[in-house]
Amino acid sequence: AENLARAHGKGKALAIVAHKLGRAIYFMLKNKEPFHPEKFFATV
């Protein structure tokens with residue numbers, strides 16, 4: 001997240017992470033899968 005904040009500014013970085021988290025939750029519910037933190041945080 002520090003790289004995102006450096007590249008886009010803090011507010012934009014938080015919006016990007018929130019969007020990614022929302023997408024992750026949607027696909028977890030859709031596919032009935034548990035949350036995989038290593039997969040999520042690998043791309044943040």
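Miscellaneous remarks
- Portion, in percent, of the accessible area of the chain that falls on carbon or sulfur, probe 1.4 Å: 64
- Nearby aspartates and glutamates by direct alpha-carbon distance to K12 (threshold 15 angstrom, same-chain neighbours under 8 apart not counted): E2
- A straight Cα-to-Cα reach below 21 Å connects K30 with the lysines K20, K39, residues fewer than 8 places away in its own chain not being considered.
- Expected 222 nm ellipticity per residue - DSSP helices of 4 or more, -39500 (n - 2.57), all of the chain, to 500: -24500 deg cm²/dmol
- Reference-scaled alpha-carbon Rg (2.2 N^0.38 Å with N residues) for the chain: 1.26
The values are calculated or read from the model by the stated rules, or taken from the named source; none is laboratory data. Keep in mind it's a predicted model, so treat the numbers as computed, not measured. Ligands, DNA and RNA are excluded from the accessible area calculation, which covers all protein heavy atoms including side chains. Shrake-Rupley method; radii C 1.70, N 1.55, O 1.52, S 1.80 Å.
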